[in-house]
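Student: Just passing along the structure, written as structure tokens.
The values are calculated or read from the model by the stated rules, or taken from the named source; none is laboratory data. All values derive from a computational prediction rather than experimental measurement. Cβ coordinates were reconstructed from backbone atoms using ideal geometry, including for glycine residues, and neighbour counts include every protein chain displayed. Note: accessible area is taken over every heavy atom of the protein model, side chains too, but ligands, DNA and RNA are not part of it. Shrake-Rupley method; radii C 1.70, N 1.55, O 1.52, S 1.80 Å.
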Amino acid sequence: MNPTISVTLPDNTSRQFPAGITAREIAHSISPSLGRRAISALVDDQHWDLAWPLNSNARVSINTVADEIYALELIRHDLAHIMARAVQELWPETRVTIGPVIENGWYYDFDREDSFTPPDLALIEARMREIINLRDPVHTEVWERERAVSFYEDLGESYKIELIEAIPEDQPIRMYWHGNWQDLCRGPHLQHTGQVPADAFQLRSIAGAFWRGDPRNKMLQRIYGIAFRRRADLKRHLRMIEEAQRRDHRKIGAAMKLFHFQEEAPGMTFWHPDGWTIYKSLKDYMSRKQVEYGYREVNTPLVLDRMLWERSGHWEKFHEHMFLVNVDEDVDVTGRISALKPMNCPCHVQIYNSGQKSYRELPLRICEFGSCTRYEPSGALHGLMRVRGFVQDDAHIFCEEHQIEQETKTFITMLSEIYEDLGFLQFKIKFSDRPEIRAGSDEVWDKAERALLTAAEAAGCDFQFNPGEGAFYGPKLEFVLTDAIGRDWQCGTLQVDFVMPRRLDAVYVGQDGEKHNPVMLHRAILGSFERFIGILIENYAGAMPLWLAPRQVVVATIVSGADSYAQKIVGRLKGAGIRAECDARNEKIGYKIREHSLAKVPYIWALGLREVEGNTVSIRKLGSKRVRSVALDDAVQELSQNAVPPG
């Protein structure tokens, strides 16, 4: 007689089943309807395939397509397999590699002699829908390693053999079938292909990708897809993509003549006058806020000796992203190498270390608009969003351990105010704990994680856990903005670091008269100016808030008889600190209005003879067809009040 196991259901009732029973069988025993609708299970909080056996007591709950998180994951995962099956049915010579789930969808990498083309995507999509409508069953088996390798050798699927070799010996080799098509996968998967909604996915693009991300390996072809539970969700997402394309900061930046990039300096921004005006306005605002919150601004060198990066721990973890330079004539003799700084933290420790510190001086807050340089692969560069040269709104707080809580609260208050001033009323917080590769002992990490978690809870934060994504020297809070069209952008961070101050010999004299290492809080709010300005451009579709707009008002003449009046007004506005420009060209006023509206100028003041005689201006606000006639003095006062930066 088979041994039995006890299964505890979500209502806390327990049932006895024979060992080896599957989650699918448990679902059917609860209700045949549930058995048909089931997609996966949670077994002691682990995501579990319905076909996997249970051999010990467990808590079990059954997931259906109504469970959005698990349903979306499985739909997208199954679609990756269904797409690979469709490709091999259409082009049998194609070899398959990997197909993971990513945000909003999936991708799959293929090794095929001929290149995929956009019309091929339509063929693949059609075949995928045929496979879905077949409702082919999905089943899985665990195989011995040698058997799986032999199986793939017979098929000529060399990539699968490499993947098997990378699977640790103590993990199972799971083989999945969708109908007669087979793939190596850790699972879980749906019960049958028909559980995938046939009208809620779309293949989006084709790209190149090196096998296992290594440029020394063969270039493969990657096909991306997106998928949702409902067609309405897909349509909503496609509308967002269309809107995101309309708001692309690269297009808007070119149209507004804000910046450009060129081959001679890949990943480095050429800021034009109007773009630099936005940059300086944002920087001036951040400077005022940081002074308000007790920071003192510093500036540190761009080039530092390799030895400092080795002591801080960055060389070991980060040197492949550094630009190396030779600064001494005898470098070949000394072997000394320097690097352009990729971050500012070791430099700020050097400023802290210049003179003995007392506990009475803590917390010590120093900030820098630090110019940093990091090597990013050329294929990863993306306008302002991914660059090689950038400036961080970087700051470090040196404090005692008992001050972490208050400093965290104060930082979150400051960050909230800044995001609100910049138009972002919503943000999420993620708590990222220790990564697999890190500096410092587990004891130090325990202390750092406990301190940050306690501080975040004391600050009243709601946050989600982001396991394994901390910095190599400490856990962190990540602050994720939501923009005008619902996209998330991770910008701000706060990191608790017990490691670097010790490595770089930072100390203070405590109340007990002994020397102690301070805690170092790394913090940023914007992240990088380049990326954040890109986010601002896309959030506002180029129509920046008045205080950030590079040209706040254009005074445009309707007739030449208003030219001198226009020049007088522009002079007065500039004297009031307004960024004003005169447009007295011999063009029709409608043409001028269209041109300046496309350039996202917030206000256009139109002047004809009537305005000259009445000492008035006709005001048109960007995005409005309404024109107001306002006395000049009132118009200047109104604009001056509205153009003041927040705070």
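Residue-by-condition table, conditions (1) among the acidic types (Asp, Glu); (2) at pLDDT below 90; (3) open to solvent by 10 Å² or more (accessible area, probe 1.4 Å):
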{"position": "Gly468", "(1), (2), (3)": "no, yes, yes"}
{"position": "Gly486", "(1), (2), (3)": "no, yes, yes"}
{"position": "Thr493", "(1), (2), (3)": "no, no, yes"}
{"position": "Pro501", "(1), (2), (3)": "no, no, no"}
{"position": "Val509", "(1), (2), (3)": "no, no, yes"}
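Student: Within region 559-647, which helices (runs of 4 or more DSSP H) (wholly inside it) include 1 or more residues that are farther than 26 Å from Ser281 by Cβ, open to solvent by 70 Å² or more (accessible area, probe 1.4 Å) and in contact with a Pro (Cβ under 9 Å, 6 or more places away or on another chain)?
Tutor: Because the criterion is at least 1 residues that are farther than 26 Å from Ser281 by Cβ, open to solvent by 70 Å² or more (accessible area, probe 1.4 Å) and in contact with a Pro (Cβ under 9 Å, 6 or more places away or on another chain), no helices (runs of 4 or more DSSP H) in region 559-647 meet it.
Student: Something else now. Residue under question is Val60, and the condition is that it be open to solvent by less than 70 Å² (accessible area, probe 1.4 Å), assigned to a strand (DSSP E or B) and in contact with a Lys or Arg (Cβ under 7 Å, 6 or more places away or on another chain); does it hold?
Tutor: no
Student: Restricting to region 87-116, and then to whatever is of a type in the set (Asp, Glu) and loosely packed, with under 13 Cβ neighbours inside 10 Å, can you tell me which residue is nearest to His77 (Cα to Cα)?
Tutor: Per the criteria, the residue is Glu103.
Student: Now for a separate question. Would you mind finding the one in His189, His237, His249, His178 that is under 28 Å from Asp67 (Cα atoms) and within 27 Å of the chain's Cα centre (by Cα)?
Tutor: One residue alone meets the criteria, His237.
Student: Listed residues Arg85, Arg95, Arg76, Arg112; which is of a type in the set (Lys, Arg), at pLDDT 95 or above and under 21 Å from Lys235 (Cβ atoms)?
Tutor: Exactly one of Arg85, Arg95, Arg76, Arg112 is of a type in the set (Lys, Arg), at pLDDT 95 or above and under 21 Å from Lys235 (Cβ atoms), namely Arg76.
Student: Just one of Glu581, Glu638, Glu611, Glu595 is more than 28 Å from Ala254 (Cβ to Cβ) and either without any contact (Cβ under 8 Å) to a residue 40 or more places away in the chain or within 39 Å of the chain's Cα centre (by Cα) (or both); which is it?
Tutor: The unique qualifying residue is Glu638.
Student: Being polar (S, T, N, Q) and within 20 Å of Leu477 (Cα to Cα) is the filter here, so list the residues in region 514-554 that pass it.
Tutor: Ser528 - this is the single residue of region 514-554 that is polar (S, T, N, Q) and within 20 Å of Leu477 (Cα to Cα).
Student: Give the residues of region 155-189 that are part of a loop (DSSP other than H, G, I, E, B), of a type outside the set (A, V, I, L, M, F, W, C) and either in contact (Cβ under 8 Å) with a residue 60 or more places away in the chain or open to solvent by less than 30 Å² (accessible area, probe 1.4 Å) (or both), sorted by residue number.
Tutor: Passing the criteria: Gly156, Glu157, Gly179, Gly187, Pro188, His189.
Listed here are the residues, each with its yes/no results for (1) polar (S, T, N, Q); (2) over 30 Å from the mean Cα position of the chain (by Cα).
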{"residue": "Asp45", "(1), (2)": "no, no"}
{"residue": "Leu50", "(1), (2)": "no, yes"}
{"residue": "Leu54", "(1), (2)": "no, yes"}
{"residue": "Asn57", "(1), (2)": "yes, yes"}
{"residue": "Asp67", "(1), (2)": "no, no"}
{"residue": "Tyr70", "(1), (2)": "no, no"}
{"residue": "Leu74", "(1), (2)": "no, no"}
{"residue": "Asp78", "(1), (2)": "no, no"}
{"residue": "Ala84", "(1), (2)": "no, no"}
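Student: Do we find that Gly527 is within 41 Å of the chain's Cα centre (by Cα) and either hydrophobic (A, V, I, L, M, F, W, C) or open to solvent by less than 10 Å² (accessible area, probe 1.4 Å) (or both) in this structure?
Tutor: no
Student: So, one more: May I ask you to list the residues in region 13-57 that are closer than 22 Å to Pro3 by Cβ, open to solvent by 60 Å² or more (accessible area, probe 1.4 Å), outside any loop (DSSP other than H, G, I, E, B) and touching a Ser or Thr at 6+ places or on another chain (Cβ under 7 Å)?
Tutor: Correct list: Ser14, Gln16, Pro18, Pro53.
Student: Can you confirm whether Glu538 is buried (at least 21 other Cβ atoms within 10 Å of the Cβ) and on the phi < 0 side of the Ramachandran plot?
Tutor: In short, yes.
Student: Please indicate, with yes or no, whether at least one residue in region 126-149 is out of contact with any Phe, Trp or Tyr (no Cβ under 9 Å at 6 or more places or on another chain), part of a loop (DSSP other than H, G, I, E, B) and open to solvent by less than 80 Å² (accessible area, probe 1.4 Å).
Tutor: Among the residues of region 126-149, not one is out of contact with any Phe, Trp or Tyr (no Cβ under 9 Å at 6 or more places or on another chain), part of a loop (DSSP other than H, G, I, E, B) and open to solvent by less than 80 Å² (accessible area, probe 1.4 Å), which makes the answer no.
Student: Just the residues that are of a type in the set (Phe, Trp, Tyr) and either out of contact with any strand residue (DSSP E or B) (no Cβ under 8 Å at 6 or more places or on another chain) or part of a loop (DSSP other than H, G, I, E, B) (or both), please, taken from region 63-106.
Tutor: Hit for region 63-106 is Trp91, nothing else.
Student: Turning to a different aspect of this structure: Exactly one of these conditions fails for Gln490: (1) more than 22 Å from Ala395 (Cβ to Cβ); (2) not in a helix (DSSP H, G or I). Give me its number.
Tutor: Looking at each condition in turn, Gln490 falls short on (1).
Student: Looking only at region 438-453, filter to residues that are crowded, with 20+ Cβ neighbours inside 10 Å and among the aliphatic types (A, V, I, L, M); which one of those is farthest from Leu546 (Cα to Cα)?
Tutor: Ala439
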